[in-house]
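Contents: one structure, followed by commentary.
The values are calculated or read from the model by the stated rules, or taken from the named source; none is laboratory data. None of the values given here were measured: they were computed from a predicted structure. Counting neighbours? That spans all protein chains shown, and the Cβs are built from the backbone with ideal geometry, glycine included.
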Amino acid sequence: MSNNKFLNMDSLSLQNIDDDAELIPLMTPEDEEEINNEVLPETLPILPLRNTVLFPGVVIPITAGRDKSIKLIKDASNGSKVIGVVSQKDETVEDPEIADLNTTGTVARILRVLKMPDGNTTVIIQGKKRFEIEEITTTEPYFNAKIKDLPEEKPANEDEEFTTIIDSIKDLALQIIKESPNIPSEASFAIKNIESNSFLINFISSNMNLEVKDKQKLLETKNLQERALATLKFMNVEFQKLNLRNDIQSKVQSDLNQQQREYFLHQQMKTIQEELGGVSSEEEIEQMRIKGNKKKWDAKIKEHFEKELAKLQRMNPQVAEYSIQRNYLDLFLDLPWNKFSKDKFDLKRAQKILDRDHYGLEDVKKRIIEYLAVLKLRNDMKSPILCLYGPPGVGKTSLGKSVAEALGREYVRISLGGLRDEAEIRGHRKTYIGAMPGRIIQSLKKAGTSNPVFILDEIDKLSSSHNGDPSSAMLEVLDPEQNKEFYDNFLEMGYDLSKVMFIATANNLGPIQPALRDRMEIINVTGYTIEEKVEIGKRHLLPKQLKEHGLKPADLKVGKKELEKIVEGYTRESGVRGLDKQIAKMVRYAAKSIAMEEEYDVKVTTQDVEKVLGVARLERDKYENNEVAGVVTGLAWTSVGGDILFIESILSKGKGTLSITGNLGKVMKESATIAMEYIKSNAESLGINPEVFEKYNVHIHVPEGATPKDGPSAGITMLTSLVSLFTQRKVKKSIAMTGEITLRGKVLPVGGIKEKILAAKRARIKELILCNENKRDILEIKEEYLKGLTFHYVNEMSEVIGLAITDEAVKNAKEL
């Protein structure tokens, strides 16, 4: 049964088609009786139909395209308007012969002929009676045949079986109309109003969705009851198909509706995003997939990415987790997995770059060249973890840039000062609001390669809090045995850091966790001598400041003598930051003079230095001649490098108490106590009257009380000061000392020797007293730094006293 044509409604609505013809929309038994009694002509023109069968009483439109058919219709419409209609056995035959036609057909009356715009002729015909072709009389201009009537064999009206079949046909037809959404409900009205059983069967048979051969069989069936039964069977099959189709439709309807709804919404969203210049979620996911296919991933990483991408694809773009998952995949794609820059192993070129950018720092540059040499030979060496340790301003951080350039690697730097959240290193878990990867992973994303030179600045200033201990998290980052699978909480995967060259910087090794310090190779970056500072100022700082201030080299020239004056009179540090600031002042003065068209000296003189920078403020660093007993010059290490300090002692009448001032730490106060007890126990050998300890109070002071001072290295300085005080003998000129003491009179080694020697040179000191074990530190220092200095190595305090204190007594000294 056809879905779109169970009942031909056109056949029920035609009115007054022809002036001479009356339409019988619903055939009554009387109409049927009249047709049956009608006498057929002996011969009729035969119209072949390709794809349909005409049944008695049914009205159908026929489109005629063949020349023979058009001629037949024209002649018949001008004559009796009665023709014979038969179906072709094969509808594909364009010009049928006698053998191609069925012999049983239907006599039809032409109701109307219509000329269509496409040139074809449409004729509306109504079936009358069945006939059988006995003989074809002519074939031109169209078929004419001798026919005979085929009356139907009808059952008696009282036949219950036939009546039941007719009722079943009506009921089934009404059910099909009801169940099929494409058949108009008005068709049920037509079925109910058909009175003729024969017309009902013919009408339904004509409109069923059957093949031509099946309809032809129905037409050829003489017995009306058999035809009715066959029609009912075909209707049952069609009804079952319809029910099955409806069942399937109902099962998929909800899913289909939901899919259509989601598709519609997605299309709307896509259109809105395109209008706003954005990219739809589907396009975004596809772009991620294409980008992922270009990555050089391991199988494990690729599998993880595809899994996470599939998870994103299943998510609704409107939920909050969608943006988190998308950010995660963006990071995953942006990270340089297995992407490495090619190292440059030209060691001579690397040496030139290091020498060009940094004057001095020979130990550091030597270690870098050694690393490059080993890497060149093996090509698979795990990157070392270097820690550049030294005072501020000596070039620890900027050295990393030179190393990166020498290696041909990317340069990355993160500052760890004040970092107290472990998540800054390891990242946050994705479930947290505002989650992001750690700074290590973020920096690698920024670098674009997995083997950059990575500067961990101020690693000694990591601190702990309730959010964890970042220094402990750094253990995995800096351990060559662990960082091959560094786990970031946001990334949720191990990332290979073994090819990264980490360079840490620190001002003080004390705060660094011992386990973390053990994983690093400590390289001491000491301060610069006056000569080195002058060279650095001439080679690097002055050209840099001229460029930053828009001046040319010819606009300002500063000689070595003037640079030395700036270094000695205006800077007090181991590094060169202060020197850089003073040179910047000189350059700004020249820039102002040029801008205001004022005259100035292009070649700077010492008078120009004082004019621009003011009177030298740091002359107090110079060595002071010890004109009185009890004043000794010591050497100290500070956060800005080495420095000199003066220790003063004085006696006053009292009961033998010891006072210590000068903002000293606990260790330094203990050194003073040890020195005092050593003197008391060895008073006779030192030529001191023991009674003096009970009659006089002793006061020890270290100037610059606003500056905190601590450490054991002032031990021998304090003891020398007290011996000089009690014996009233002055300390030698131009001498300084550093070392720790014990109650037994032993002198122990201390650290920061190079910084202290640099401080002594700045102060024009000629002689230094050190522990004998510190001799190894002196051997590591360049000879040019030691020029003009005399070293005395001691093991006992008695040796210190013999070297530092003169034999002549102070003039007019009172007898103690």
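Of all residues being surrounded by fewer than 19 Cβ atoms within 10 Å (Cβ to Cβ) and touching a Lys or Arg at 6+ places or on another chain (Cβ under 7 Å) in segment 458-474, which is nearest to K300 (Cα to Cα)? Just the residue, please. Only one residue tops the list, namely N467. The residue that is surrounded by the fewest Cβ atoms within 10 Å (Cβ to Cβ), among those in segment 574-591 that are among the small types (G, A, S) and either within 23 Å of E755 (Cα to Cα) or assigned by TED's automatic domain parsing to the domain that holds Y359 (or both), is G578. In segment 713-795, counting only helices (runs of 4 or more DSSP H) that sit wholly within it, none holds 1 or more residues that are of a type in the set (D, E, K, R), surrounded by 24 or more Cβ atoms within 10 Å (Cβ to Cβ) and touching a Cys at 6+ places or on another chain (Cβ under 8 Å). Counting only helices (runs of 4 or more DSSP H) that sit completely within segment 501-557, those holding 3 or more residues that are crowded, with 19+ Cβ neighbours inside 10 Å correspond to 530-536, 542-548. The residues of segment 463-513 that are in contact with a Pro (Cβ under 7 Å, 6 or more places away or on another chain) and polar (S, T, N, Q), listed by number, are S498, N507. Scanning segment 745-763 finds no residues that are closer than 24 Å to V628 by Cα, in contact with a Ser or Thr (Cβ under 7 Å, 6 or more places away or on another chain) and at pLDDT 90 or above. Of all residues assigned to segment 335-350, at least one qualifies as being part of a helix (DSSP H, G or I), surrounded by fewer than 18 Cβ atoms within 10 Å (Cβ to Cβ) and not basic (K, R).
Residue-wise test of (1) modelled with pLDDT of 90 or more; (2) farther than 18 Å from A763 by Cα; (3) in contact with a helix residue (DSSP H, G or I) (Cβ under 6 Å, 6 or more places away or on another chain).
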| residue | (1), (2), (3) |
| --- | --- |
| N625 | no, no, no |
| G634 | no, no, yes |
| G642 | no, no, yes |
| G654 | no, yes, no |
| S659 | yes, yes, no |
| G662 | no, yes, no |
| E670 | yes, yes, no |
| M676 | yes, yes, no |
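Is one or more of the residues making up segment 411-424 modelled with pLDDT under 85, closer than 22 Å to I324 by Cα and of a type in the set (A, V, I, L, M)? Yes: segment 411-424 contains one or more residues that are modelled with pLDDT under 85, closer than 22 Å to I324 by Cα and of a type in the set (A, V, I, L, M).
The residue that is surrounded by the most Cβ atoms within 10 Å (Cβ to Cβ), counting only those in segment 90-126 that are charged (D, E, K, R) and within 30 Å of N37 (Cα to Cα), is R109. Selection within segment 417-457: residues that are among the small types (G, A, S) and assigned to a loop (DSSP other than H, G, I, E, B). The member of this set that is surrounded by the fewest Cβ atoms within 10 Å (Cβ to Cβ) is G434.
The residues of segment 374-393 that are hydrophobic (A, V, I, L, M, F, W, C) and modelled with pLDDT of 85 or more, listed by number, are L386, C387, L388. The set of residues in segment 247-287 that are touching a helix residue (DSSP H, G or I) at 6+ places or on another chain (Cβ under 6 Å) and modelled with pLDDT of 70 or more contains only I285.
Is it the case, given these coordinates, that I594 is surrounded by fewer than 18 Cβ atoms within 10 Å (Cβ to Cβ) and over 26 Å from K396 (Cβ atoms)? Here the answer is yes, as I594 does meet what is asked. In segment 639-679, the qualifying residues are those that are under 54 Å from the mean Cα position of the chain (by Cα), free of Cβ contacts under 8 Å to residues at least 60 places away in the same chain and not in a loop (DSSP other than H, G, I, E, B), and the one that is surrounded by the most Cβ atoms within 10 Å (Cβ to Cβ) is M668. Under the condition of being surrounded by fewer than 17 Cβ atoms within 10 Å (Cβ to Cβ) and over 18 Å from E220 (Cβ atoms), the residues counted in segment 67-89 number 7.
Here S471 fulfils each of the conditions (1) assigned to a helix (DSSP H, G or I); (2) touching a strand residue (DSSP E or B) at 6+ places or on another chain (Cβ under 9 Å) apart from (2).
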